[in-house]
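*Asks:* I'd like to ask you about the structure that follows.
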């Protein structure tokens, strides 16, 4: 199993299939609760990010193609050490590539602009991959606990982040 496939398998284990919880801003085409149409999320592909996509009928293969093009390519997953690729990819699907890269940049102590530029890439390739990945998970957790949606989704996010931290060392 290559790095991308491993990352997709982990993320799909938590993203699962179709949901249309009206309390999730990502399920609305306008990206805010009550704004736009409630179209849901499928395999982590949200109506907020893809308002013109038929979310309910999205297949796993279609989701994987979107993951590869819009998430994996943006974080430059092929250039990242395994643990960092896993953490950055899962965060990109869950919170968007820019936010994912900000957490990674904060962990690497480089300018946090949400873009995988040469300085970020050099920093993450040169450091202790497992330690850097764990720190990015901590940054994600710290951010997530401050979200208004934490009360609704925090328990699931906590389970996901604990599993992610365990996966870093396997």
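The values are calculated or read from the model by the stated rules, or taken from the named source; none is laboratory data. Being a predicted model, the structure only gives us computed values, none of them experimental. Note: ideal-geometry Cβ built from the backbone for every residue, glycine included; neighbour counts use all protein chains shown.
*Asks:* Hey, does region 147-156 have a residue that's touching a residue at least 24 places away in the same chain (Cβ under 8 Å), outside any helix (DSSP H, G or I) and in the same structural domain as residue 82 (by TED's automatic domain parsing)?
*Replies:* yes
*Asks:* Could you check, for region 109-123, whether at least one of its residues is assigned to a helix (DSSP H, G or I), within 15 Å of the chain's Cα centre (by Cα) and under 28 Å from residue 33 (Cβ atoms)?
*Replies:* Checked region 109-123: no residue is assigned to a helix (DSSP H, G or I), within 15 Å of the chain's Cα centre (by Cα) and under 28 Å from residue 33 (Cβ atoms).
*Asks:* Tell me yes or no: at least one residue of region 90-104 is farther than 27 Å from residue 31 by Cβ and buried (at least 16 other Cβ atoms within 10 Å of the Cβ).
*Replies:* Within region 90-104, none of the residues are farther than 27 Å from residue 31 by Cβ and buried (at least 16 other Cβ atoms within 10 Å of the Cβ).
*Asks:* Moving on. For residue 50, indicate whether it is surrounded by 17 or more Cβ atoms within 10 Å (Cβ to Cβ), in contact (Cβ under 8 Å) with a residue 12 or more places away in the chain, in a helix (DSSP H, G or I) and under 16 Å from the mean Cα position of the chain (by Cα).
*Replies:* In short, no.
*Asks:* Looking at 122, 92, 108, which one is within 16 Å of residue 137 (Cβ to Cβ), in the same structural domain as residue 163 (by TED's automatic domain parsing) and free of Cβ contacts under 8 Å to residues at least 24 places away in the same chain?
*Replies:* After applying the criteria, what remains is 92.
*Asks:* Which residues, taken from region 30-43, are in contact with a helix residue (DSSP H, G or I) (Cβ under 6 Å, 6 or more places away or on another chain) and loosely packed, with under 14 Cβ neighbours inside 10 Å?
*Replies:* Within region 30-43, 32 is the sole residue that qualifies.
*Asks:* Quick one: is residue 27 within 20 Å of residue 149 (Cβ to Cβ) and crowded, with 17+ Cβ neighbours inside 10 Å?
*Replies:* yes
*Asks:* Tell me which residues, restricted to region 1-23, are under 30 Å from residue 82 (Cα atoms), in contact with a strand residue (DSSP E or B) (Cβ under 8 Å, 6 or more places away or on another chain) and either at pLDDT 95 or above or in a loop (DSSP other than H, G, I, E, B) (or both).
*Replies:* 17, 18
*Asks:* When you scan region 27-37, do you find a residue that is assigned to a helix (DSSP H, G or I), modelled with pLDDT under 95 and not assigned by TED's automatic domain parsing to the domain that holds residue 126, even just one?
*Replies:* Yes, region 27-37 contains a residue that is assigned to a helix (DSSP H, G or I), modelled with pLDDT under 95 and not assigned by TED's automatic domain parsing to the domain that holds residue 126.
*Asks:* Within region 129-149, which residues are modelled with pLDDT of 95 or more and surrounded by fewer than 14 Cβ atoms within 10 Å (Cβ to Cβ)?
*Replies:* 131, 142, 145, 146
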